[in-house]
Structures are given as C-alpha cells and as structure tokens.
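Structure, as structure tokens:
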Amino acid sequence: MEELIKLDNISFSYDNKNILLQNVNFNIYRSDFIGLVGVNGSGKSTLLKLITGVIKPTSGSIICNKKIKFGYVNQTTSLEEGAFPATVYEIVSLGICKKPFRFINKEDKNKIEQVLELFGLSKLKDKSINSLSGGQMQKVKIAKVLLSNPDLIILDEPTTGIDTISQEVLLELIRHLHAMKKTILFVSHNVKELEGCTRVVEISDNGIVEVNK
Ligand SMILES: Nc1ncnc2c1ncn2[C@@H]1O[C@H](COP(=O)(O)OP(=O)(O)O)[C@@H](O)[C@H]1O
Ligand SMILES: [Mg+2]
C-alpha cells in the first residue's frame, strides 16, 4: 500500500491554550476511501486544513512521500469564485486550465465533457452558477477538483445543506470516484453516509480512532 501522507504525533491549538487535537497519528494510503466523523466542533475541518497544509501543527510533523496534489472542496455550498457570473462549464474547466477564458485544446475539452456527463451536469453546462441548487453547486465543485487530477480528494461535509435526494446522488458519485481508484477523504456527520468507505475514522475528546464498521 502506497502511503500518501503520514500525520506523526500531531497536536494543534488555535490559541496556544486550548488543545484541539492532541497526539494524532493517522496515515492515508492510496485508494483509501475514508469517512471522517465526529460531532460539531471536534476538529474535523481543522484536521483537513492541517493535511492540506493551510495551517501548521503546533507540534508533530506531517510527512508526504512526494509532492502530492490535493483536491479540496470546502464546507460551504458556495464557490470561492463568489458571485463571479460564470457558467457551469467555465467553472468546471478551471480544474484543467487555471486561467478563465483561455483556449482549451481538444483533449481537455473531451475530459471536461466526460466529467460533466459523469456528474449529470451536461444539460446545465451553459447555466450561470448563480442559478444552481446547493446539490448542483456541490457537484460543480467536485467536478472541477476531479479535473485537476488530484492524488487525494478531500470533501468537507459535501452533503450538508442539500436535499435528501441530491445527497444520495452525490454519495453515489463519491462512491463511483472511489471505484475509479481515486483516494478520498470525506467528512460526514451521518453514519448512513459511510456505506462503501474502506475506513471510518472518528475524532472525539479521546483523540482520533479508527472505527470498525
Ligand atoms: N480559525 C479559527 N480560530 C479559532 N478557533 C477556530 C478556528 N476555526 C475553528 N475553530 C474552533 O476549533 C474547533 C473545531 O472547529 P472545526 O475544525 O471547524 O470543527 P468541525 O469541522 O469538526 O465542526 C471549534 O471549537 C471552532 O470554534
Ligand atoms: Mg467542519
């Protein structure tokens, strides 16, 4: 099993007084499909930010065996691009070409079309992202990240704030990405969502534990 990332005795505190994460040891291997659970405020999003390097641990170290590429989707149903009046196609294509409105070659166009099809977004491709539902927006964000071909896809509560049917569709898609051999770490607060996960990890006051399903 190829180890992508190793958290070696990580501790973290936002204010140097209250320790949020203490002595966390946690490895992620290629092709893992990990469900990260824990009550609100337990430090799930913080752990993701440590893994992606957005914040640094107070002590301990995070070891990557090479420069691995993260595909991170944050916890909101909005876009970092904000109210930018772009279409679904334009936003998703940013996963391949970083600059908007750049010439896209035939090969990349095909990849974009394939991902739009996979996510059921083909019919919506010319729609403004401002007109999408929460579930559709979440798909757009994940599709964009998938196109950047990351080693590890990190999804922070992807199903929060969207209707039940869209949640199911999204979960099926996430399971499908795993079937496509993608490595996935996703945060959930609903045990029912963990079907298909190869590992379930729980953060609590007692630290981080691997839960046997
Ligand atoms: N930037 C920050 N500065 C200070 N405290 C924070 C910050 N972000 C989160 N926290 C606090 O850290 C704790 C864990 O937050 P978070 O990682 O978002 O939990 P979860 O994602 O599990 O709900 C919470 O008590 C939260 O208020
Ligand atoms: Mg969170």
Review point. Restricting attention to region 148-205, which trypsin sites (Lys or Arg not before Pro) occupy a DSSP loop and are surrounded by at most 11 other Cβ atoms within 10 Å?
Key: 181
Check your understanding: Are there GluC sites (Glu not before Pro) in region 126-213 that DSSP puts in a loop and that have at most 15 other Cβ atoms within 10 Å, and which ones?
Key -> 195
Point to revise | Cross-link partners of residue 109 among aspartates and glutamates (Cα-Cα below 14 Å; sequence separation of 8 or more within a chain) | key: 90, 117
Check your understanding: Among 198, 183, 160, which one shows the biggest mean-square fluctuation in a GNM of the chain, springs joining Cα atoms closer than 10 Å?
Key -> 198
Exercise for review: Would you please calculate the Kirkwood hydrodynamic radius of the chain over all C-alpha pairs and express it in Å, rounded to one decimal?
Suggested key: 18.0
Practice item. Within 10 Å of each residue's Cβ, count the other Cβ atoms and sort 211, 169 from fewest upward. Key: 211, 169
Review point. When only C-alpha pairs under 8 Å and at least 6 residues apart count, what is the relative contact order of the chain, in percent?
Key: 30
Check your understanding: Can you list residues whose amide H is under 5 Å from residue 33's amide H, if they're 5+ apart or on another chain and H is modeled 1.01 Å from N?
Key -> 184, 198, 199
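Read-outs: derived from the displayed coordinates by stated rules, not from any lab. Computed from a predicted structure; not experimentally measured. Cβ sites come from the backbone with ideal geometry, for glycine too, and all protein chains shown count toward neighbours.
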